[in-house]
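Notes follow the structure.
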Amino acid sequence: MKPAIALAALSLATAAHAAASLPGPAFPHYSSAAQVKEACDHGLAGAQQRLKVLEKRKPSAGWLAASDALNAYVEDASGPIDLLPNVHPDKTVRDAAQACLLRWQDFFSSLGQNEALYRAAKQVQPRDAIDREARRLTLENFEDSGVALPADKRQRAKQLADRITELSLQFNKNVREDGTRVAFTVDELRGVPEGVWKAAKRDGEGRVLLGLDYPSYLPVMQSADSAATRERMWRAKTNEGGDANLALLGEISRARREYAQLFGFTSYDDFLLRRRMVGSTARVQAFLGEVKATVTEAEKRELGELREAKARQLNQPLEATTLQRWDVAYYTERLRRERYSVDQELFRPYFPPQESLQFVMRVVEKMMGVRYTRVPVQAWHADVQAYAVSDAASRKPLATLYIDLYPRENKYNHAAVWSFRNGSTLLKRAPQAALVVNLDRKGLTLDELETLLHEFGHAVHNNLSATRYSAQGGTSVQHDFAEAPSQMLEDWVYDKRVLKVFTEVCPGCKPVPDDLLDKAVAARDYGKGVRYARQHLYASYDLALYSAQDAEALPLWAQMEGATPLGYVAGTKFPAGFAHIASNYGAGYYGYLWSLVVAMDMRTAFGADKLDASVGARYRSAVLANGGQRPPLELVHEFLGRDTNSKAFFDYLRK
């Protein structure tokens with residue numbers, strides 16, 4: 001079915017809503033580097049003017065609101081520019097935006113050390129619990145920026161903060177603009193679905209050129225019959241970012257360690273984790289130890305089964321067979337097909353990309369009482385779509401969501417959401433976010449549909465926030481809780497009743513056969529021992545890199561990966577592409593596992609009916625609407641009616 005026809009099936013695309021407009025300002029249109037610089041100059045000048053006014057304000061009951069008004073202005077001035085380096089097709093615009101972000105970083109680091117504002121915040125008398133939490137977080141942000149340090153240390157803290165931002169931006173740019181293309185003959189791509197490579201560019205010898213974006217990379221790793229093909233693709237992806245990024249990551253880790261030491265901490269882990277849900281390095285290490293102990297036997301068993309599968313396929317003795325890292329995804333999929341008669345590629349005809357987006361929206365509409373209406377917009381690329389989000393009952397405008405669905409050169413090549421504008425009930429301010437993914441235009445696998453719903457969960461967290469202050473809106477929560485609202489929704493795509501919603505947005509689409517979904521449900525947990533052991537390694541490496549011990553990024557990785565059953569492959573440089581820990585997940589990658597504990601517990605509230613609108617309404621009001629204005633554990637307690645626990649998570653790992 002054509003997207004234009006399918007859009008007509010959206011529940012909100014009625015005459016009453018056809019004239020909907022975006023709540024809040026439209027995304028600025030930047031067509032040149034000069035425009036970016038002009039916007040940067042104007043935004044920074046406006047921020048400085050507003051800062052001077054705030055500095056003169058007495059710490060009355062309205063001080064927190066005045067401070068948040070400055071935050072809201074800064075979001076509007078800098079937020080869209082923060083997105084541009086990741087999505088804009090023009091390199092000069094991307095580079096100008098990155099240069100602008102360094103100027104904004106200078107403003108932020110200076111703001112964090114503003115003694116006049118710090119003194120005023122300390123004198124504020126909160127009116128209620130929301131104000132108390134806002135004041136507490138405000139003071140912590142000032143203190144963690146170095147405002148209370150001696151003058152020499154304060155200056156060094158600012159230098160380090162600015163440098164870390166510069167290094168992180170460069171790291172991400174190196175990954176995003178790596179540009180590696182791997183050349184394969186058609187024969188070398190035997191087993192890979194033709195749709196992955198048939199339309200790809202060719203080199204002078206007629207070989208297929210494939211990039212490292214996930215719509216290209218994953219099918220090769222899961223389907224290519226040639227081990228040499230898989231190895232070449234795996235090595236290219238694993239070395240993404242190269243030696244330059246290894247050097248950057250090393251400098252980032254040393255700078256963060258020195259930053260923590262200015263505050264009296266021996267490690268960046270200790271400095272950062274005291275502000276997170278987990279509370280301390282010791283507690284997260286204990287948690288990771290429990291995860292490792294739980295999955296070790298499953299990992300060993302699964303790797304043994306994959307090795308046996310390889311030996312069978314190659315018709316060679318088991319003792320002569322070595323399982324390589326580039327074999328894991330391929331033989332995992334092979335065993336899933338053998339045992340459960342399911343192939344992820346079989347789902348693509350059932351999940352066309354535009355209709356898949358509409359399906360995800362419709363699921364959220366049914367669960368949480370909202371509506372999405374597409375609105376014409378001119379943004380950073382012709383592929384970008386915009387949606388006005390409104391409350392279903394009152395039709396009140398709530399938020400704007402921008403969506404960039406498809407891969408292209410120099411675009412961010414994973415999946416993420418930029419919450420570049422938080423809402424505020426006090427300011428009557430509507431939140432805005434951008435969902436950036438790289439979907440296969442020919443259709444999605446069930447795994448890819450799960451990823452889309454996960455990322456959409458971040459957008460929902462932004463869009464349905466209704467906090468008093470913008471600084472606490474949406475995903476501005478403790479970082480090890482930020483993934484939980486998205487992870488909670490991942491399970492939805494395996495539910496037959498949920499998948500039947502697809503017919504509401506695409507009546508002409510063939511429904512997924514029940515037996516195919518049954519097989520996928522049976523197969524989905526195969527390989528979880530390997531998967532969670534890998535997540536444990538990533539989290540442990542991140543903590544080790546930011547520990548008190550000064551270790552070079554690659555030797556540390558080689559040592560830690562070398563201690564795993566498959567070992568380390570000489571010449572590979574995985575940390576060079578580990579962008580999470582070079583940026584805002586540094587010393588926080590464990591949060592994916594930590595928040596999954598909470599996510600799995602929250603799922604239990606829905607029971608057998610994942611579309612239960614009454615539970616969805618409670619979830620929306622208790623968890624999503626409150627953003628970061630209350631601690632996560634309080635929100636989850638209100639939603640569940642009890643304290644959260646890890647039973648669902650560890651029961652799942654042990655199954």
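The values are calculated or read from the model by the stated rules, or taken from the named source; none is laboratory data. All of these numbers come straight from a predicted model, not from anything done at the bench. FYI the Cβ positions are ideal-geometry reconstructions off the backbone, even for glycines, and counts take in every protein chain you see.
Where residues in the stretch 66-92 are β-branched (V, I, T) and more than 17 Å from A26 (Cβ to Cβ), which of them is farthest from the chain's Cα centre (by Cα)?
By that ranking, first place goes to T92.
Looking at (1) crowded, with 20+ Cβ neighbours inside 10 Å; (2) touching a strand residue (DSSP E or B) at 6+ places or on another chain (Cβ under 8 Å); (3) among the charged types (D, E, K, R), which one does K237 not meet, given that it meets all the others?
(2)
When the stretch 552-603 is examined, which residues are found to be of a type in the set (S, T, Y) and in contact with a Pro (Cβ under 9 Å, 6 or more places away or on another chain)?
The answer is S595, and nothing else.
Let me confirm something: among R176, R156, which residue is among the charged types (D, E, K, R) and surrounded by fewer than 20 Cβ atoms within 10 Å (Cβ to Cβ)?
R156
Could you count how many residues in the stretch 129-139 are more than 19 Å from A69 (Cβ to Cβ) and not basic (K, R)?
Adding up the residues that qualify gives 1.
Any residue in the stretch 601-615 that is assigned by TED's automatic domain parsing to the domain that holds V370 sitting within a Cβ distance under 9 Å of a residue that is of a type in the set (G, A, S) and assigned to a loop (DSSP other than H, G, I, E, B)? List the pairs, counting only those 6 or more apart or interchain.
Filtered contacts from the stretch 601-615: D601/S646; A605/G641; A613/G369; V615/G607.
Here are R524, R531: which of them is crowded, with 17+ Cβ neighbours inside 10 Å and modelled with pLDDT under 95?
The unique qualifying residue is R524.
Taking helices (runs of 4 or more DSSP H) that fall entirely within the stretch 267-369, which contain at least 2 residues that are among the small types (G, A, S)?
Of the helices (runs of 4 or more DSSP H) lying wholly inside the stretch 267-369, those with at least 2 residues that are among the small types (G, A, S) span 281-314.
Restricting to the stretch 495-543, give me the number of residues that are aliphatic (A, V, I, L, M), over 23 Å from K300 (Cβ atoms) and assigned to a helix (DSSP H, G or I).
Qualifying residue count, the stretch 495-543: 8.
Out of all the residues in the stretch 175-197, is one or more outside the structural domain of P85 (by TED's automatic domain parsing), among the basic types (K, R) and assigned to a helix (DSSP H, G or I)?
Taking every residue of the stretch 175-197 in turn, at least one turns out to be outside the structural domain of P85 (by TED's automatic domain parsing), among the basic types (K, R) and assigned to a helix (DSSP H, G or I).
Just give me the residues in the stretch 557-576 being of a type outside the set (K, R) and farther than 28 Å from F649 by Cβ, in sequence order.
A558, Q559, G562, G567, Y568, V569, A570, G571, T572, A576
Would you check which residues across the stretch 210-262 are within 21 Å of Y541 (Cβ to Cβ) and of a type in the set (K, R) and list them?
Residues satisfying the conditions are R235, K237, R254, R256, R257.
Is it the case that A26 is within 29 Å of A66 (Cβ to Cβ), surrounded by fewer than 18 Cβ atoms within 10 Å (Cβ to Cβ), modelled with pLDDT of 90 or more and within 27 Å of the chain's Cα centre (by Cα)?
The answer is yes for A26.
Which of the residues belonging to the stretch 381-437 are surrounded by 15 or more Cβ atoms within 10 Å (Cβ to Cβ), over 23 Å from S31 (Cβ atoms) and polar (S, T, N, Q)?
Once the filter is applied, which keeps residues that are surrounded by 15 or more Cβ atoms within 10 Å (Cβ to Cβ), over 23 Å from S31 (Cβ atoms) and polar (S, T, N, Q), the stretch 381-437 yields S390, N413, S419, N422, S424.
Taking K366 and the conditions (1) touching a residue at least 60 places away in the same chain (Cβ under 8 Å); (2) surrounded by 22 or more Cβ atoms within 10 Å (Cβ to Cβ), which numbered condition does it fall short on, given that it satisfies the others?
Of (1) touching a residue at least 60 places away in the same chain (Cβ under 8 Å); (2) surrounded by 22 or more Cβ atoms within 10 Å (Cβ to Cβ), only one is false for K366: (2).
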